[in-house]
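To start, the structure under review is shown below, and the notes come after it.
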Amino acid sequence: MDAETFLHEFARPQSDVPPGRPSADTPFTGEEWTACFDGALLNGNSPIILEEVSGLLDAPEIRTSDAELLQRDGLVPGTDYMGGRSVGLSFLVTDPQAVPRVLSAFRAGGDERLFRFSFPGIANGLGQLLARVRRRSARLDERYVAGARRFDVELFATDPRVYAGGTSPQSATIPVQVPRAGKAIFPLSFPFTLADEEDATPYASPTVVNYGSAVAYPVITLVARDGTVQDPEFSLWTAGTELTFSTVGLTLVRGSTLVLDMANRRITVGGSSRAQHIKPGSQWFGIPPGEGQFQLRVKDGPEGLAAEAVWRSAWL
């Protein structure tokens, strides 16, 4: 819609605006070509009309560790790391009563807030990221007075990945792998039996999928509901390669909860760090694009033990 058509359609006296007009707080439902930041809906049944979005398909900032060569041309190649992502939004506000809501939602500073969007071709059509407002500009001119209240906003996300949207992340239950494909042997209880080879059944590794184009880091939770767990070890198999995170000297008593946050490289039990129990050589792993299999092994633990993993497919 060009400026002349817009002014003709929306620059009307306040008395001509019908009752029951759309609100900027209309819930985000995932309708195509809509977005939502801090509860303010853009497009759809909202007086905030989104005109342009930039940055979602751009490559994020790069932090390089190349080093200068002394008395020679060129550089010593180092490792490149991704920085943050800037997302630009340009939109028009057609209802003056929605302007305070826009100013509140797109306030600068504070914690990162959820930006959700449904744009075909990005994150399978429904994506999200956490960002904060770094810039907001609005010009008070004759167009603003006439009803064309234009805002330009810059959002900045410290995590450059675009994640799959939806209210719930992907998840998988990881059963413990026990010896002899039967019940855990220890602690012993009587009467007990040892499984024969013909009774053995294959270990069922849950298949996990990352539909995106970048590594997706899971959060793994293990609750010792039915007894003590000793030295849990988690593995991810992808394309014949095993990535393993192991613990040593870690005992989970009945009722305690172990949380592995792979993205933030954090291991906690009951909210307290247990970094001292990370076995040397362990890897903080993520799920590459495609399929993989999780495995859980323990030095000792009760029958029926299982962990839960949650993640979101990620794009760059």
Legend entry - Unit charges at the beta carbon, dipole of the stretch 239-316: most positive-side option, S272, V253, W284: S272
Inset, instruction - State, to one decimal in nm, how far the label point of L103 lies from the label point of T207, with both points 7 Å from Cα in the Cβ direction. - result: 5.5 nm
Legend entry - Cβ-defined net charge surrounding A123, 11 Å radius [Lys, Arg +1; Asp, Glu -1]: +3
Legend entry - 16 Å reach of a label modelled at A263, 7 Å along Cα-to-Cβ, counting backbone N of the stretch 99-117: 111-117
Inset, instruction - Could you calculate the contour length gain from E32 to R135, that is, 0.36 nm times the residue separation minus the distance between their Cα atoms, to one decimal place in nm? - result: 34.5 nm
Legend entry - Sites V76 and D25 - FRET efficiency at Förster radius 51 Å, r taken between beta-carbons, to 0.05: 0.45
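Read the figures in this text as sums done on the coordinates, not as results from a lab. Since this is a predicted model, take the numbers as computed values, not measurements. For neighbour counting, all protein chains shown are included, and Cβ atoms are generated from backbone atoms with ideal geometry for every residue, glycine included.
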